[in-house]
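What follows is one structure encoded as structure tokens, with my remarks underneath.
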Amino acid sequence: MLVYKVFTKPDYDSFVSTGKTKGSGDDLKDGFIHFSTREQLCGTIKKHFSNYNLLFVSAFQEYHLSNKLKWELSTNLKLFPHYYGCLWNSQTLYSIQLKL
């Protein structure tokens, strides 16, 4: 299964240039990197990124993250993938740019 990380442009640029991330400001505040499934992705973008014109979405294989990926209940009582650790750009399968 693929899981997806949504990045703002500054966060994505940092991820690419340094080759790693510990997450966005919100991720750092929550203590984990927020991921979404394909089914959750549009809702995540609408809820948390609607004020951005440009986003980047990176795809990752769940099994490559499994030792630090936990499925946890969100505030809407749905399971979301949360990653506890440093995420490496080399783990990325592909990234796309979204203009909203």
Notebook entry, point to check: Taking the alpha-carbon set of segment 2-99, what are its Rg and Dmax in Å?
Noted result: 12.4, 35
Checklist line | Point-charge dipole on Cβ atoms (K/R +1, D/E -1) for the chain, about Cα centre, debye to 20 | finding: 100
Note to self: List the lysines whose Cα sits under 25 Å from the Cα of Lys70, skipping any in the same chain fewer than 8 residues away.
What the structure shows: Lys5, Lys20, Lys22, Lys29, Lys46, Lys47, Lys78
Next item on the list: With a Förster radius of 22 Å, plug the Cβ-Cβ distance of Cys86 and Lys9 into 1/(1 + (r/R0)^6) and report the FRET value to the nearest 0.05.
Entry: 0.60
Checklist line | the chain - percent relative contact order, Cα under 8 Å, separation 6 or more | finding: 39
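Bear in mind these aren't lab numbers, they're just calculated from the coordinates by the rules spelled out. Small disclaimer: the values here were computed from a predicted structure and weren't measured. Using ideal geometry, Cβ is built from the backbone for each residue, glycine included, and neighbour counts are taken over all protein chains shown.
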